[in-house]
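In what follows, a structure is listed as structure tokens, so that the remarks can point back to it.
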Amino acid sequence: MRCVTDDFPASTVLGYPRVGPDRELKHALEGYWDGRIDRAGLDRVGRALRADTWHRLAQLGLDGLPSNTFSEYDQVLDTAVLVDAVPDRFRERSEPYFAMARGADGVAPLRMTKWFDTNYHYLVPEIGPRTRFRLVADKPLGEVREARELGYETRPVVVGPVTFLRLAQAAPGSPAGFAPIDRLDDLLDVYVRLLTALADEGVAWVQLDEPVLVTDGGSPAVRHAYRRLAGHGRRPRLLVASYFGDIADALPALAVTAVEAVALDLTHGVPANVDLLRGKTVVGGVVSGREVWRTDADSARALLAGANATSVSTSCSLLHVPYSLRGEDVLPGRLAFAEEKVAEVVELARLGPKPGPVPVAAAVGGSPGVHELRVELLNRREGGVPTERNGRAERSPYEVRALAQRDLGLPVLPVTTIGSFPQTGALRAARREVAAGARGEAEYEELVRAEIRRVVEVQERLGIDVLVHGEPERNDMVQYFAEHLDGFAVTRNGWVQSYGSRCTRPPILHGDVRRSAPITVRWARYAQSLTDKPVKGMLTGPVTIVAWSFVRDDLPLRDVTMQVAEAVRAEVQDLEAAGIRVIQVDEPALRELLPLRREEQAGYLEWAVAAYRWATGGAGDATQIHTHLCYSNADEVLAAIDALDADVTSIESARSGTAVQGFGRGLGPGVYDIHSPRIPDVAEVTARLRNALRHVPAERLWVNPDCGLKTRTYEQVEAALANVVAAARKVRSVL
Ligand code: MET
Ligand SMILES: [Zn+2]
């Protein structure tokens, strides 16, 4: 066995971005899936990215280097493979890993949902009473060896057993009452074997990520799992890493185990009972892995002192921030991306803890402009507290609106889409050229119009009832609005992984948000001029705009969201004035911002709903307001979705299986999953519609895909939508 150091390194990070500084992994994966590069080519890219990361972290002076933080798709999926929790339907495939992630012909992928309250998505493992766990440790061992060849001893990072099971779902066909956590002991057998294998490999420390401790801290599973793992003789030292919140509730359980180190997310404050950890190493997560703002050294050192931390780290993996500020000239002096954050960690480790006043999270105050606008908005809505009554005062009750919207002349089971159509390579290239100054605005404008003509023509030909313009002018549903609003900055290359090979470039909200001119009106008006069918104007809602941006951390999120709502409201009114009769305001991130702790959820939902209703409440009764939600199981926030009071709600359902009961207004449960290239056939869509009709009356049921179509090709979209229209007609004919 190699030499094992007793002490945890003075500086480390819990994880690092992995798609590559120029999204090398994204390009390699997509090339591989399309058959443009082979397996060896994909492996080469992964290996080079891992090597670059270790070199860079070492160069920046970091002591403790993590490994197994790379992933070809998702770390939860990697963990499922690590314990061989591969459902039978994937086993026969040539590549079970990508089949689980993306589906394969005739085989549905695993469900995908948000990783806690971030915009990262993981694949939901399916665990049943008969899942046979078995250790398949090639990946963590491989990365340890790979790093060692380069001269680095690393700390493998693995999703912990409690988090893994809590995030899993019961495999289809499991008996009622079965929960994946019932399999904890069987899974722990495999983790014990993993620890032995890592010890045999000479690994000194292993990191088990247990973010679920934030919400699930008090449960006996935690104590049981870590008593057993830490009680196992032949193992590396254990670092249990929690993040995304305070884990005071979990500390008593962890404290009685022989776990050597605990990583705390101190950006949520110091747990009141941190003294319970005496005798263990406390790794202080003071450099936020989720914000892009520079760390205040005094506050960070005070937090380290308050938590008796002897080691400095990031609050969570840096997966959630872009690689580096190199090549950016955005907000000089105020930002830190992954590389800069590593430098902060190293510097804070050098400075050490220093007792001082501990800052309160999300200090109130900040920009006077935001404050004034908030007061102004709240006054206008009488009395300040956003209530049901305040919101409703804006629009008449649904029944009245539904009557006013009758002259839209829609059939029963109207067919619509969620907004985007395929983003062609030509459009993306043109946008890059405009940004680089190599192509004129006017020429680009004409390209967008041509695309709108194509999208309208396709929809008319297919027989869609409520048309969209296809969003060809948008690179991204949040960034596009950020680029057109004051108060946001955008980066050149600040990509962050959203899921698999998909990345977004979150804008940075740094000042008062204002709309100085209409943003989408000319596109919607142009599309409407081409058809007699109603064209749906497409906007992104205020909650989603802030959720998918990096928001200044010294301002209360609700005030900032209210400002964004004011801008969206103005856009809604301008669309209406331009003759657009149907307007969709998307809120796919409503669930994502839901606080992890139950006590905080009602307060959040109240302001989130109020912001949405402020954004849409200026529309007249005859204007039909749609909203759209996706990416996560909406079941937990159904009451809030209902409170948005949209006339029509389209919701991801085909992939997530969200229940559709209990809606008092129009509802479009998605009839097929657009995240997979699979074309749904008529029978399948018909069956879904018939099923939906058991819960939703025909006059309120809408027909639409799960989400926007921008990641698909025209060929796939036309084939799928033709089947959707055929299914809608078939079901209509027998109503
Ligand atoms: C993630 S929700 C996407 C909604 C958007 N209107 C689109 O169709 O792409
Ligand atoms: Zn969507």
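The values are calculated or read from the model by the stated rules, or taken from the named source; none is laboratory data. The structure displayed is predicted, hence computed values, not measured ones. FYI the Cβ positions are ideal-geometry reconstructions off the backbone, even for glycines, and counts take in every protein chain you see.
Laid out as a table, the results:
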item: Among the residues listed as 325, 304, 319, 331, the single one being in a loop (DSSP other than H, G, I, E, B), on the phi < 0 side of the Ramachandran plot and either touching a His at 6+ places or on another chain (Cβ under 6 Å) or in the same structural domain as residue 251 (by TED's automatic domain parsing) (or both); result: 325
item: Qualifying positions in the range 695-713 - out of contact with any strand residue (DSSP E or B) (no Cβ under 6 Å at 6 or more places or on another chain), more than 16 Å from ligand 1 (Cβ to nearest atom) and outside any strand (DSSP E or B); result: 695, 697, 698, 699
item: Positions within the range 524-563 being away from ligand 2 (no atom under 16 Å from the Cβ) and closer than 21 Å to residue 505 by Cα, in sequence order; result: 542, 546, 549, 550, 551, 552, 553, 557, 560, 561
item: Total residues in the range 650-694, condition part of a loop (DSSP other than H, G, I, E, B), of a type in the set (Lys, Arg), modelled with pLDDT of 90 or more and in contact with a helix residue (DSSP H, G or I) (Cβ under 9 Å, 6 or more places away or on another chain); result: 1
item: Test: residue in the range 102-119 that is assigned to a helix (DSSP H, G or I) and surrounded by fewer than 18 Cβ atoms within 10 Å (Cβ to Cβ); result: no
item: Residues of the range 402-458 satisfying the condition of being of a type in the set (Phe, Trp, Tyr) and touching a residue at least 60 places away in the same chain (Cβ under 8 Å); result: 421
item: Every pair of residues 6+ apart whose Cβ atoms lie under 6 Å, when the first sits in the range 160-172 and is among the basic types (Lys, Arg) while the second is outside any helix (DSSP H, G or I) and at pLDDT 95 or above; result: 166/212
item: Residue ID - nearest to residue 649 (Cα to Cα), chosen from residues in the range 435-453 that are away from ligand 1 (no atom under 16 Å from the Cβ) and crowded, with 16+ Cβ neighbours inside 10 Å; result: 449
item: Qualifying residue in the range 491-498 (condition: among the hydrophobic types (A, V, I, L, M, F, W, C) and touching an Asp or Glu at 6+ places or on another chain (Cβ under 9 Å)); result: yes
item: Listing of helices (runs of 4 or more DSSP H) fully contained in the range 527-645 that carry 1 or more residues being closer than 19 Å to residue 514 by Cα, within 16 Å of ligand 1 (Cβ to nearest atom) and of a type in the set (S, T, N, Q); result: 542-547, 598-616
item: Flag for residue 724 being in a helix (DSSP H, G or I), within 20 Å of residue 474 (Cβ to Cβ) and within 16 Å of ligand 1 (Cβ to nearest atom); result: no
item: Enumeration of residues in the range 672-702 that are within 16 Å of ligand 2 (Cβ to nearest atom) and aliphatic (A, V, I, L, M); result: 674
item: Failed criterion for residue 549 (all others in (1) out of contact with any Leu (no Cβ under 7 Å at 6 or more places or on another chain); (2) surrounded by 21 or more Cβ atoms within 10 Å (Cβ to Cβ); (3) of a type in the set (S, T, N, Q) hold); result: (1)
item: Hey, residue 152 surrounded by fewer than 20 Cβ atoms within 10 Å (Cβ to Cβ), outside any loop (DSSP other than H, G, I, E, B) and of a type outside the set (D, E, K, R) or not; result: no
item: Per-region count, the range 618-644, residues away from ligand 2 (no atom under 16 Å from the Cβ) and either touching a helix residue (DSSP H, G or I) at 6+ places or on another chain (Cβ under 6 Å) or modelled with pLDDT under 95 (or both); result: 13
